[in-house]
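Enquirer: Would you mind keeping the following structure in view while I ask a few things?
What follows draws every value from the coordinates through simple rules; no lab data is involved. Source: prediction; values computed, not measured. Cβ: placed from backbone, ideal geometry, glycine included. Neighbour counts: every protein chain shown.
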Amino acid sequence: MPSPELIHAPNLVRLRWLVHGFSTRTGGFSTVYAPAEVPADTPADVPADAPQDGPQTADSQKRIANEHAHRGSDRVPRPISAWAGSPPQVAPQGPEKPSDLNLGFTDHDRPATVRRNREAFLTSLGATRPATLSATRGKPSQPWPLITLRQVHSDLIHTIDRKTAKQFAESATATRKSPRLVGDGLITNVPGIVLAVQAADCLPIILVDPKHHAIGVFHAGWRGTLKRIAAKGAGRMMAAYGTRFNDLRVVIGPGIGSCCYNVGEEVQEKFESQFPWAGQVIQEVEDEEGLHHKYPMLFLNQRAPGHAPMITKLMLNLAEANRLQLLDLGVNPSDIYVVPNCTSCNPSRFFSHRAAFGRTGRLMGAVALRP
Ligand SMILES: [Zn+2]
C-alpha cells in the first residue's frame with residue numbers, strides 16, 4: 001500500500017480543527033507518467049489547469065526539451081562545455097514502473113486509478129470518517145466528500161454550503177466527465193467537506209480564517225493571478241463569513257518558480273498594467289540557452305568579454321505576485337507561508353506541466369474543517 005508524501009504548512013499545522021495538505025507525486029498507484037522522460041518532438045498540449053504563457057514556438061519547445069534532456073531534474077546551471085557530448089539523462093526504467101499519486105482525471109490515466117489515488121490522499125490527510133460509521137462497508141474508514149472544479153484560469157469562486165456540497169461531491173464512480181462547478185476557487189464554512197484544486201506548475205493557494213473557521217482554496221496560474229483570484233477569494237470570505245484580512249492565514253503551495261517560469265512580453269505588459277510592483281515579480285535575465293541555441297558557433301570559439309550578443313528572457317515569480325496581492329489587502333506577512341519548492345526543478349517529486357511538456361499528472365492542494 002503506497003503512502004502519499006504530503007506537504008503541510010507550519011502556519012496551519014497547529015490548528016486542530018483544520019485538515020490541510022499539498023500532495024506530491026509520491027505514494028500513488030499511477031504508472032503512466034515517467035519522471036524525467038523527454039518527448040522532445042511532441043508539441044505540448046495545454047490543459048486548463050496548466051500555466052499558459054501565450055504561443056510557444058516549435059523552436060522554444062525544442063530548446064526547452066534539449067535543456068531538460070541535458071539537465072534532467074538538476075536545474076543548477078552548468079558550464080556550456082559540460083554539455084558537449086553528455087548523453088541525455090533518461091529516467092531509470094527498472095522492472096518496477098514508478099507509481100505516482102496522480103490526482104487529476106487526465107487523458108492518460110485510468111479513472112479508477114485516479115479515484116484510488118484520491119482516496120489514498122484523503123486518507124493520509126486525515127479527511128476520513130471514524131471507522132465505526134463505515135465499518136459495515138468493510139473498510140477501516142471512509143473519506144469525507146471531496147469538491148473539485150473544472151478549472152478554467154478564471155476568477156470564478158464558488159461558495160460551498162451543505163446543498164452544493166451534496167450536489168457536487170465527487171462520486172465513487174467519478175471520471176473527468178462528471179459534473180463539476182466551473183471555476184478556480186472554492187470557499188466554505190461547512191465542516192467535513194474537502195475543498196481541493198489541482199495543479200501542475202500553477203499554484204494551489206489555501207486561505208484560512210481562524211476566527212470564523214472558514215476556508216478557501218484557489219488555483220492561480222498567471223491568468224488567475226492577473227485576475228487576483230486569491231485576493232478576490234479573501235473578499236468573498238469577508239462577504240460570506242465576516243473574515244477580516246488581518247486574521248487570514250495563507251499558504252501558497254508548490255508551483256513553478258521564477259527560476260523556470262519564462263513568460264512572454266504580453267504577460268509582462270498585462271502585469272505592469274495591473275500591479276505597481278510588477279517589476280518585482282517579472283525580471284529580465286540573461287538567457288544562456290537562448291544564446292546557445294541562436295548562435296551555436298559562438299560556443300566553439302573563445303568569446304571576447306563584453307562583446308557577446310545578449311539574449312534575455314522574462315521570468316515570472318508567481319508566488320511572490322500572489323503574496324504581494326494579499327499583503328496589499330492587509331494580510332500580515334508572517335501569516336503567509338510559501339512552500340519553497342519549484343515544481344519544474346523537481347519533476348521527480350512534483351508534477352510539472354513545463355518539465356513534462358504537457359504530459360503529466362496533477363497535484364492537489366486541499367483543505368477541510370474537521371466536523
Ligand atoms: Zn525552477
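Enquirer: Show the residues, 5+ positions off or on another chain, whose built amide H is closer than 5 Å to the amide H of ALA214.
Expert: Correct list: ASP209.
Enquirer: Now a separate question. For the range 132-226, state what percent of all Cα-Cα pairs lands in each successive 5 Å bin, counting from 0 Å until the bin that includes the largest distance.
Expert: Cα pair-distance distribution for the range 132-226, in percent: 2, 13, 22, 22, 18, 13, 6, 3, 1, 0.
Enquirer: Also, I was wondering about something else. Mind sorting TRP17, TRP222, TRP277 by how few other Cβ atoms lie within 10 Å of their own Cβ, fewest first?
Expert: Lowest count first: TRP17, TRP277, TRP222.
Enquirer: Quick one: Karplus J couplings for the range 201-210, per residue in order, coefficients 6.51, -1.76, 1.60, θ = phi - 60°, nearest Hz, x for Gly and Pro?
Expert: So the J values, rounded to whole Hz, are 3, 5, 9, x, 10, 10, 10, 10, 9, x.
Enquirer: Here is a further query. If we count other beta carbons within 10 Å of each Cβ, what is the order of THR225, THR164, fewest first?
Expert: Ascending Cβ contact count within 10 Å gives the list THR164, THR225.
Enquirer: Could you list, in their original order, any pairs among LYS166/LYS227; LYS177/LYS227; LYS232/LYS313; LYS227/LYS313; LYS163/LYS270 whose Cα atoms are separated by more than 32 Å?
Expert: Over 32 Å Cα-Cα: LYS163/LYS270.
Enquirer: Given H placed 1.01 Å from N in the peptide plane, which residues other than close sequence neighbours of ARG150 have an amide H under 5 Å from its amide H?
Expert: LEU181, VAL182, GLY183
Enquirer: Follow-up question, since we're still on this one. Give me THR24, THR188, THR343 ranked fewest to most by other Cβ atoms within 10 Å of their Cβ, as a rough exposure proxy.
Expert: Ordered from fewest to most neighbouring Cβ atoms within 10 Å, THR24, THR188, THR343 come out as THR24, THR188, THR343.
Enquirer: Please report the spacing between the Cα centers of the range 6-37 and the range 221-273 in Å, no decimals.
Expert: What the calculation gives is 21 Å, centre to centre.
Enquirer: Please report how far the C-alpha centroid of the range 318-353 lies from that of the range 147-196, rounded to the nearest whole angstrom.
Expert: Comparing the Cα centres of the range 318-353 and the range 147-196, I get a distance of 23 Å.
Enquirer: Here's something else I'd like to know. Between TYR337, MET364, ASN317, whose Cα lies farthest towards the positive end of the dipole of the range 308-371 when Lys and Arg beta carbons carry +1 and Asp and Glu beta carbons carry -1, centred on the Cα centre?
Expert: MET364
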